[in-house]
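What follows is a set of notes on a single structure, which appears directly below.
The values are calculated or read from the model by the stated rules, or taken from the named source; none is laboratory data. The shown structure was predicted, so the numbers you read here are calculated from the model rather than taken from an experiment. Here Cβ is always computed from backbone atoms with ideal geometry, including for glycine, and neighbour counts include all displayed protein chains. Accessible surface is based on the protein model in full, side chains and every heavy atom, while ligands, DNA and RNA are left aside. Shrake-Rupley method; radii C 1.70, N 1.55, O 1.52, S 1.80 Å.
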Amino acid sequence: MRALGISLGTWCLGFRNRHSADWTEGTGKNRIQAWSLGAATMRLNQNTLLLGKKVVLVPYTSEHVPRYHEWMKSEELQHLTASEPLSLEQEYAMQRSWREDADKCTFIVLDAEKWQAQPGATEESCMVGDVNLFLTDLQDPTLGEIEVMIAEPSCRGKGLGTEAVLMMLSYGVTRLDLTKFEAKIGQGNEPSIRMFQKLHFEQVAVSSIFQEVTLRLTMSECEHQWLLEQTSHVEEKPYRDGSAEPC
């Protein structure tokens, strides 16, 4: 189930209802088909840390749940993500579900400057948002829908979301064998649309029902080379449940 494509600025883009039991805990034919797409593929990042200039991407673990839970108490974020408030216990259960789901790939976004400047700092204290890929087309496992959320107000408008998206696109291409990406954005969200257009996405559809536009990026050889250049600084490191140390 897809949430309404509502966004604000460039920090909340192309949402799914992260807290929907229908989406994360559903059963039946669609769930079985999703697993058949290659169950292990979308869990490859469970031991991966990606280090960029502005952000660090780490797998979503139980360590991150309390901060995420605090974010989602915000009525603004609930509205933007079409999410329902959960108890902390339910949030932990949701994290476990997302970690296991075969059709999702999730990274928590950390502030790289803060993470590197404070040796021994917990990841929870450096969290600023998350970035996700979804396999949305059961007939085309090379297509992924991408979204990013920078939930910390003080970290918006600084390019963290842009780098997180670039890093996730690169990960999708090099590790998940994706060749096409889509982003669904609210029609009135010009800053977000412009950001994705700067990242070479092109508008391919408009939904009057969801009041959103769909933008798509197809990885031609030229686009692939451009993406590699944009992310040449990114380092991939082993991750062990929050024990990776800043370098």
Might you tell me the accessible area per residue for region 69-120, computed with a 1.4 Å probe and given in Å²?
48
With labels modelled as points extended 7 Å from the Cα through the Cβ direction, what inter-label distance (nm, one decimal) is found for Gln139 paired with Glu235?
4.5
Nearest 0.05, what FRET efficiency do Arg43 and Thr122 give at R0 = 30 Å with Cβ-Cβ as r?
0.80
In the structure displayed, which of Lys73/Lys158; Lys53/Lys104; Lys54/Lys104; Lys73/Lys198; Lys53/Lys114 lie more than 22 Å apart, Cα to Cα?
Lys73/Lys158; Lys53/Lys104; Lys54/Lys104; Lys73/Lys198
Taking protein heavy atoms only, a 1.4 Å probe, and rounding to whole percent, the accessible area of region 48-233 owed to carbon and sulfur comes out at 48
Using r as the Cβ-Cβ distance of Arg175 and Glu75, and R0 as 25 Å, what FRET efficiency do you calculate, to the nearest 0.05?
0.10
Distance in nm between pseudo-label sites at Leu88 and Gln197 (7 Å out along the Cβ direction from Cα)
4.5
Stretchable slack from Ala205 to Lys53, in nm (0.36 nm times residue separation minus alpha-carbon distance):
51.4 nm
